Amino acid sequence: MDSNTLPLLERIAAALERLSPPAPSLAGLDGADAFIWHPSLGRLTPVPHVAHVEMELLQGIARQRQMILDNTLHFARGLPANNAMLWGARGMGKSSLVKAAHAQANMVDGRPASPGRGRLVLVEIQREDLATLPELLALLRSSPRRFIVFCDDLSFEREDADYKALKSVLDGGIAGRPENVLFYATSNRRHLMPREMIENESSTAINTSEATEEKVSLSDRFGLWIGFHNCAQDTFMDMVRGYARERKLPIGDEELTRRANAWSLARGGRSGRVAFQFIEDLSAELAPGL
């Protein structure tokens, strides 16, 4: 080999090593109770403070709230629990409920656990990273902590590799789902796919029932399948009053109702998100000194 060739090959090998993704690592897992999965970096990025709404402020979803809370607490205590899909109307507290249940599970004597000391870890995975779920679960399997892997606003536009990967993970494969991991997801779509996608597949298939069953089978993999629906006027006002009390806003109920109704009409709908946005605006307006 030419004497000039070896240094060149060594530089090429070093460059390729730098370009290759790092090996997945659980480094820093004891420093927080919430993380974001970054597969390109091969690690979990800690989230020091999870932005969440207190459980009691989530109005109009009492049944859904109890189901998720019970399931989450069972899992945190080492008891059997189910993967959960929260689907339905926008802004009705689906993702807020997941984060609130995580916070509730990590309460110790009525106070939040110290960072890294909670019984339950929340790991957020982005929709576009679902293909790396098997890699993430293999990593989490080796940890003594318990995890909820959370994907917000999950949906599919076509039957792609991510769809198959998620089905495989929920089924567990021959290794089975790790006992220390649950998967929670939220979606505005009941079966995670547009209705026209299911209908088009059915109309072109030889066996339409089998095609439809294949498309909706993913949602069947979730042991808990919880629907959220648009709220009525009185429920919307319960949400607004709850937020107003929590912030101790100096405003009478009649004026609060009038302004909340005007806000919802301008937004074209009522939901927990609309109620929160109204209170944010009102809180700024009523702040001392303005």
Heavy atoms only, probe 1.4 Å: what % of the accessible area of the range 223-271 goes to carbon and sulfur, would you let me know?
50
T186: accessible area at probe 1.4 Å, nearest 10 Å²?
0
What share of Cα pairs, in percent, lie more than 16 angstrom apart in the range 82-153?
57
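The values are calculated or read from the model by the stated rules, or taken from the named source; none is laboratory data. This is a predicted model, so every value here is computed, not measured. For accessibility, only protein heavy atoms count, side chains too; no ligands or nucleic acids. Shrake-Rupley method; radii C 1.70, N 1.55, O 1.52, S 1.80 Å.
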